[in-house]
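The values are calculated or read from the model by the stated rules, or taken from the named source; none is laboratory data. Only a predicted model underlies this, so the values are computations on that prediction, with no experimental measurement involved. Don't worry about glycine lacking a Cβ; one is built from the backbone with ideal geometry, like all the others, and counts go over all protein chains shown.
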Amino acid sequence: MQRTDNFQKFVKQPKAGAVKEKLRQEKRKEKKERAAAIEEHYARKREQRLAQQGQPVKPKSAEKPAQDKKGTRQEKASVTPVSKEAKPLESMPLNKYIAHSGICSRRDAIELIKNQKVTVNDKLISEPGVKILDHDVVKVEGKKITPSRNNVYILLNKPKDYITTAEDPQGRRTVLDLVKHATTERVYPVGRLDRNTSGVLLLTNDGELAQKLSHPKHEVKKVYEVRLDRVLTKGDFDKLAGGITLEDGFVAPDAIAYADANDKSIIGIEIHSGRNRIVRRMFEHLKYDVKGLDRVMYAGLTKKNVQRGKWRFLSEKELRILKFMNQSFVKSKD
């Protein structure tokens, strides 16, 4: 053993650059493998959908890109989808049927059913899990509904003074007023932002995805920029970082930092709790007045290149990340 140790210094060690390059190659390999797995998943989904529709399924060899004269493959141009075709309806639970009709989320649909506001073939239904077929007639509060076959996903940079709801009895402006020209499909917001809170908001008619993002078990991350009426002291910073107890229980941020080194009244906070007005209440608990609250990230989605009050459709890449609930924006359980 001593001899080995003595001669260890003569063993040629890899250079730092070579080690870094090896790590980069491994990361690229992992990224390619994940992309390939996702592509394979969606290819199977497409084949299943075509089979259900009775259409011929193209062999994989026919889907390979053509080669040019030099033998290189011609890559297909990437297209940002405006919408995504849903599976043809065979049968689905009643609450899911309502959600896919763009009325509300599945959770809210359960409440509608329990409150006897839903009929199937003119019969009141009280069980959310009842299976609905294509020929069934479903009505919510006397109005016939039909699930959308065309899913739409819109990212909005919400400004202040807009209500995050489909309708407002008081006639105030809602976020749907900002996206009314985006689609003919009926979309609704996923989650809520206070009237005076701005930032990233997702709107869709995909009830299944909305339910997935809203369910507490997924602990979807949100990042906010908070502007306070005064500097956040080091003592209060530490209190927030360690967690505080509000009237509805204990809460702690996943991360907190001074967003501006020159202005310690501007705070960045990452949190996964979905409790009502949770960020505002955390600072108000320590006697701070929140002058501005902006959500800069939601479930990995950011408002980059989207001006306040404007919107855009999600890209195919963003949609796939949401569908797979990538761990980069879901709080780690470790």
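When Asp194 is tested against (1) in a loop (DSSP other than H, G, I, E, B); (2) at pLDDT 85 or above; (3) over 19 Å from Thr302 (Cα atoms); (4) not basic (Lys, Arg), exactly one condition is not met: (3). Counted as qualifying within the stretch 10-126 are the strands (runs of 3 or more DSSP E) with 2 or more residues that are at pLDDT below 70, namely 83-85.
Here Gly235 meets each of (1) in contact (Cβ under 8 Å) with a residue 12 or more places away in the chain; (2) outside any loop (DSSP other than H, G, I, E, B) with one exception, condition (1). For the stretch 155-181, residues that are crowded, with 20+ Cβ neighbours inside 10 Å and farther than 22 Å from Glu225 by Cα total 2. The lone criterion from (1) under 29 Å from Lys317 (Cβ atoms); (2) assigned by TED's automatic domain parsing to the domain that holds Arg275; (3) surrounded by fewer than 21 Cβ atoms within 10 Å (Cβ to Cβ) left unmet by Asp194 is number (1).
Go through the stretch 143-167 and report how many residues are in contact with a Ser or Thr (Cβ under 8 Å, 6 or more places away or on another chain) and not in a strand (DSSP E or B). The number of residues fulfilling the criteria is 10. If you filter the stretch 229-254 down to residues that are of a type in the set (D, E, K, R) and surrounded by fewer than 14 Cβ atoms within 10 Å (Cβ to Cβ), you find that the one that is modelled with the lowest pLDDT is Asp248.
Looking at the structure I just gave you, is Glu247 touching a Pro at 6+ places or on another chain (Cβ under 9 Å), farther than 23 Å from His100 by Cβ and of a type outside the set (A, V, I, L, M, F, W, C)? Answer is no for this residue. Here the stretch 272-317 is the region considered, the condition is being outside any strand (DSSP E or B) and crowded, with 19+ Cβ neighbours inside 10 Å, and the residue that is farthest from the chain's Cα centre (by Cα) is Tyr288.
Would it be correct to say that Asn150 is surrounded by 15 or more Cβ atoms within 10 Å (Cβ to Cβ), among the polar types (S, T, N, Q) and touching a residue at least 12 places away in the same chain (Cβ under 8 Å)? Taking the combined requirement at face value, the residue does not satisfy it.
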